[in-house]
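As structure tokens, the structure follows; a few thoughts come after it.
The values are calculated or read from the model by the stated rules, or taken from the named source; none is laboratory data. Quick caveat, the model's predicted, so the values are computed rather than measured. Reconstructed Cβ throughout: ideal geometry from the backbone, glycine too, with neighbour counts over all protein chains shown.
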Amino acid sequence: MPSTDFPLSIAGHLVQTPQRGEVINPATGEVLVDYPMAGRQELETAVQCAKAAFASWSGTPWEVRQAKLVELADLIAARQEQFTRLLTLEQGKASSGAEWEIGGCIHWLREVAQQTLPQSVASEGEQGQVLCRHVPLGVVGAITPWNFPLLLAVWKVAPALLTGNTVVVKPSPYTPLCTLWFGELAQRVLPPGVLNIVAGGNELGQWLTEHPDVSKIAFTGSTATGSRVMQSAAGNLKRVTLELGGNDPAIVLPDVDPKSIAEKLFWASFQNSAQFCVATKRLFIHESIYDEVAEALCEYAAGVKIGNGLEADTQLGPLQNQMQYDKVCDLIEDTHRAGLRFLAGGTVVHGNGYFIPITLVDNPPDDARCVVEEAFGPVLPLLKYRDVEEVIARANNTEYGLAASVWGRDLAQAQAIAQRLEAGTVWINQVHQFSPHIAFGGHKQSGLGIENALEGLAEYTNVQTIMGRPL
């Protein structure tokens, strides 16, 4: 771990508090380290200092703010190996996954730094000029989850800072360490109050979303919590970006080669131990190839190493926390009680870490809990379908609409199916492709607003129209 005591970052100062939280290493169940937890006073100080810093930061030239994002990227890049190890220790993911996330943080900061939202002239003539420009909102509250703790913080911090806002970040109490360290380093390059990191429990998030001096909340987490965030934000009509849950379908068409596609389908479902809002959570397979695909998936799954993420050959780590572990265990027990058949896994051996075996359920009914609920763990129902109209209807029969995928050799057919799926992102013959330049957002109860791309950048601004004519 880095030589740091993981202080809060408030108004350019590194702050310790008597109230402490503990980070559990999910691979061992042991306490990794403790860290300071912010109370109401620390949050109030952070918000007020961010508010005070807004006037100067919003008036800082765009190109200077761009350069600051690059400096933030350089701070992480210079310590990339340490960040990667720390992320594995606190989150549990395999080193390869941690490398991908930390590399993604560096990439996002550098790429967002190249983006602009230039003002435009809507009309100009003898009657005057109509000018449209993007202006920052004020203080942004960013609330981040435990599955990709630093990357999803960067997804919010980078566009917020670039557009001239100041930020208060609340990381998950399960995984605050990388974010706290990033905040500590950021004070070296950012003016005081521009970026504040306050760790704490659920009540801290509620205080942040309710705060009258916060102008926007950017939240990633569950749909249930997102609904409460939206209610709290209504007090002063805060802007909100909500990236919420998903029950993402994948549709496998009958023309695929089962053996060649098994590996791709596996990682579409189980990347990051399926703790992924866009993981495939319902795998629809055409009845003509169902048995072959199921067999190929089982065969591939049998060779995947589950273990401590620090071990070189580990491909999947544990679930991140006891709460999620208990939820997934209960879901597996319910699947047993329902008399459903397991093709793989289904038996949890309780030990020191939060490990769940790769579990495949054989063609359960659509109303089974393992189909209806977002497991957010390595439990995947394989679902048999007969025709395209049927599978589109079943895929869309959910309150969620985050992402989906279609797999088949006939690209025209796959495109036609993709366009009928009620999801913010649909991949064809690929999955989990993200970019700072590609818009990402959910339909239905999977969220509001957009992250990434210029559409996501604009979400941290208001559009101001200025009209003028000569006297």
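Identification of strands (runs of 3 or more DSSP E) wholly contained in the stretch 122-176 with 2 or more residues that are assigned by TED's automatic domain parsing to the domain that holds Thr220, crowded, with 22+ Cβ neighbours inside 10 Å and out of contact with any Asp or Glu (no Cβ under 7 Å at 6 or more places or on another chain) yields 139-143, 166-170.
Taking every residue in the stretch 359-381 that is small (Gly, Ala, Ser) and pairing it with any residue that is at pLDDT 95 or above and assigned to a loop (DSSP other than H, G, I, E, B), at least 6 positions away or on another chain, the pairs with Cβ-Cβ distances below 7 Å are Ala368/Ala338; Ala368/Leu340; Gly377/Gln275; Gly377/Leu319; Gly377/Ile356.
The set of residues in the stretch 422-454 being out of contact with any helix residue (DSSP H, G or I) (no Cβ under 6 Å at 6 or more places or on another chain), over 28 Å from Arg110 (Cβ atoms) and part of a loop (DSSP other than H, G, I, E, B) consists of Ala423, Asn429, His443.
May I ask you to verify whether Glu81 is free of Cβ contacts under 8 Å to residues at least 24 places away in the same chain, part of a helix (DSSP H, G or I) and either more than 28 Å from Ser215 (Cα to Cα) or touching a Ser or Thr at 6+ places or on another chain (Cβ under 8 Å) (or both)? Yes; evaluated as a whole, the condition is true for this residue. Taking strands (runs of 3 or more DSSP E) as the structural unit, no element lying wholly within the stretch 1-64 holds at least 3 residues that are surrounded by 16 or more Cβ atoms within 10 Å (Cβ to Cβ) and without any contact (Cβ under 8 Å) to a residue 40 or more places away in the chain.
Of the residues in the stretch 217-232, not one is part of a loop (DSSP other than H, G, I, E, B) and either outside the structural domain of Ser58 (by TED's automatic domain parsing) or surrounded by 24 or more Cβ atoms within 10 Å (Cβ to Cβ) (or both).
Determine, yes or no, whether Ala423 is assigned by TED's automatic domain parsing to the domain that holds Leu383, touching a residue at least 12 places away in the same chain (Cβ under 8 Å) and either within 20 Å of Pro381 (Cα to Cα) or buried (at least 17 other Cβ atoms within 10 Å of the Cβ) (or both). So that I can check it myself, show each step before the final result.
On the way: assigned by TED's automatic domain parsing to the domain that holds Leu383: yes; touching a residue at least 12 places away in the same chain (Cβ under 8 Å): yes; either within 20 Å of Pro381 (Cα to Cα) or buried (at least 17 other Cβ atoms within 10 Å of the Cβ) (or both): yes.
Yes.
Within the stretch 76-89, identify whether any single residue is out of contact with any helix residue (DSSP H, G or I) (no Cβ under 6 Å at 6 or more places or on another chain) and surrounded by 20 or more Cβ atoms within 10 Å (Cβ to Cβ), and answer yes or no. The answer is yes, given that some residue of the stretch 76-89 is out of contact with any helix residue (DSSP H, G or I) (no Cβ under 6 Å at 6 or more places or on another chain) and surrounded by 20 or more Cβ atoms within 10 Å (Cβ to Cβ).
Close Cβ contacts (under 7 Å, 6 or more residues apart or on different chains) running from residues in the stretch 247-265 that are within 19 Å of Leu360 (Cα to Cα) and surrounded by fewer than 20 Cβ atoms within 10 Å (Cβ to Cβ) to residues that are at pLDDT below 95 and aliphatic (A, V, I, L, M) are absent. Taking the listed residues Gly456, Gly449, the one that is under 30 Å from Val167 (Cα atoms) and out of contact with any Leu (no Cβ under 9 Å at 6 or more places or on another chain) is Gly456, with no other qualifying. For the stretch 268-289, the criterion of being out of contact with any strand residue (DSSP E or B) (no Cβ under 7 Å at 6 or more places or on another chain), within 27 Å of Gly401 (Cβ to Cβ) and among the basic types (Lys, Arg) is satisfied by no residue at all.
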